1. Within segment 86-106, track down each residue that is surrounded by 17 or more Cβ atoms within 10 Å (Cβ to Cβ) and either at pLDDT below 85 or more than 16 Å from residue 20 (Cβ to Cβ) (or both).
2. Pairs under 7 Å by beta carbon, first residue under 17 Å from residue 274 (Cβ atoms) in segment 307-320, partner buried (at least 16 other Cβ atoms within 10 Å of the Cβ), six or more apart or different chains?
3. Just the residues that are modelled with pLDDT of 85 or more and surrounded by fewer than 20 Cβ atoms within 10 Å (Cβ to Cβ), please, taken from segment 1-19.
4. Taking only segment 265-293 into account, find how many residues are more than 44 Å from the chain's Cα centre (by Cα) and surrounded by fewer than 20 Cβ atoms within 10 Å (Cβ to Cβ).
5. Out of curiosity, is residue 249 outside any loop (DSSP other than H, G, I, E, B) and at pLDDT 50 or above?
6. Which residues, taken from segment 108-132, are within 15 Å of residue 16 (Cβ to Cβ) and surrounded by 16 or more Cβ atoms within 10 Å (Cβ to Cβ)?
7. Pairs needed: first member in segment 25-51, exposed (fewer than 13 other Cβ atoms within 10 Å of the Cβ); second member anywhere, at pLDDT 80 or above; C-beta distance under 9 Å; at least 6 residues apart or different chains.
């Protein structure tokens, strides 16, 4: 019979570790590059790459910087998603294995196209795919354990002789039948005829009084008796067995921790971006001048590189702040809704948190703290005790 609780194969563990570590390295590299974006070193590297590459003259420096920034943001988002998928693949999630396989195949193609330096990372992605879809991995994800294909050697020598059949047990003609208690006094069963004392040889004597003894049929206690109420001792002060204990109705601490973290962080994000949107609605010109005077924007010359005026940039920041503020409100509401114990609320919270992870990667390096907290919250709400608590609601 297949064992559905077999240990995780070593190849699956190695594939998940390799995919997670490689994605973490890519994510750190992307964050480090984006944090130094707009510097002269990055611009010089782009100029050298364009001058030596096949696209010399096809793209300007500004266009190359724009496309490269978008590519790095996408790579960071996919790396964060790969880390989460690697964790859930190690937990035997079939959908996560499919998603991690797709990301590993795409990354292998991207690294191979990049040139000679991408051969080793591309090979690593191929190894991850092979390990995730090997025979042991397929059996483990299907709820089985891989059995060795070697046949057992046939036993040599003659087959063992069958044991002789046991003789049938005959009922004793003198043993009286055992009747249940309610049938012993029934009028339908005739009583055995007593032999008169006169027919026996010898003097007639009265029968000896019967000695007290155990009844001919003693009713056994029922095995379906009800347990004592929860919290009260059973007979003779014994506690009820473990299988009599009711289902735990106490909310898991991991769920409470995740709800508190998600609500607090979502409240902070909603407060910050809501204040930005409110300032723009009150005075768009003052908000535009305030944005343009920020040292990070003024020193990096982002507005001239993007070809936008301060008013247009302020309008874009308003819509971005409005979207992030609404996303934070939805995240807080979905986190608090999980306390109602509805299974659908946990799915909604996971989807909203996944969108927030992508936005946190795009707003790096400031969003790294939120990214770590979001990953931790998703891991906490899908723990085994939290899943059991949600399943008891059905």
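1. Narrowing segment 86-106 to residues surrounded by 17 or more Cβ atoms within 10 Å (Cβ to Cβ): 86-90, 96-97, 99-101, 103-104.
Once the filter is applied, which keeps residues that are surrounded by 17 or more Cβ atoms within 10 Å (Cβ to Cβ) and either at pLDDT below 85 or more than 16 Å from residue 20 (Cβ to Cβ) (or both), segment 86-106 yields nothing.
2. 314/280; 314/287; 314/288; 314/291; 317/276; 317/291; 318/277; 318/280
3. Let us first name the residues in segment 1-19 that are modelled with pLDDT of 85 or more, namely 8-19.
Result: 8, 10, 11, 13, 14, 17, 18.
4. Narrowing segment 265-293 to residues more than 44 Å from the chain's Cα centre (by Cα): 282-286, 288-290, 292-293.
Those still in the list that are surrounded by fewer than 20 Cβ atoms within 10 Å (Cβ to Cβ) too: 282-286, 289-290, 292-293.
The qualifying residues number 9.
5. Details: outside any loop (DSSP other than H, G, I, E, B): no; at pLDDT 50 or above: yes.
Spelling it out, it is not the case that residue 249 is outside any loop (DSSP other than H, G, I, E, B) and at pLDDT 50 or above.
6. In the first step, residues of segment 108-132 are kept if they are within 15 Å of residue 16 (Cβ to Cβ); the result is 124-125, 127-132.
Across segment 108-132, the qualifying residues are 124, 125, 127, 128, 129, 131, 132.
7. 25/79
The values are calculated or read from the model by the stated rules, or taken from the named source; none is laboratory data. Remember, predicted model here, so these are calculated numbers, not experimental data. Glycine gets a Cβ as well: all are built from the backbone with ideal geometry, and neighbour counts include every protein chain shown.
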